[in-house]
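Data first, discussion second: the structure below is written as structure tokens.
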């Protein structure tokens, strides 16, 4: 009987948590998009100035246009997240897991090398 009394509170807590996580994800996505558009504007502004000065070749223009088109392609703007993913988490693909392990290995090596350098510095007493 007493557990039924807490069901609405649990439902409210889950709803608030879900909404807050969703809003956080939306805020980060908007910030990422803002950065991508800023990068595009920067590249195109520099290209426009160099074109006016006449110091750009056609190959360079093509390269910069491709660069502008590829900025921000790795975002997941249209990706839908289902309740199953929210509750149980998303499964990582093999490539994502390998990339994550590689980054962790590099970070660990960097930290170990910094500790090694700190140990090599003579201590003054």
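The values are calculated or read from the model by the stated rules, or taken from the named source; none is laboratory data. Not measured: the values here are computed from a predicted model. All Cβ positions, glycine included, derive from the backbone under ideal geometry; neighbour counts span all protein chains shown.
Looking only at the range 81-96, how many residues end up being on the phi < 0 side of the Ramachandran plot, surrounded by fewer than 11 Cβ atoms within 10 Å (Cβ to Cβ) and in a loop (DSSP other than H, G, I, E, B)?
3
Would you pick out the residues in the range 49-62 that are in a helix (DSSP H, G or I) and either surrounded by fewer than 11 Cβ atoms within 10 Å (Cβ to Cβ) or touching a residue at least 12 places away in the same chain (Cβ under 8 Å) (or both)?
Scanning the range 49-62 gives 52, 53, 58, 59, 61, 62.
Can you find a residue that is surrounded by 10 or more Cβ atoms within 10 Å (Cβ to Cβ), at pLDDT 90 or above and at negative phi anywhere in the range 1-8?
The answer is no; no qualifying residue exists.
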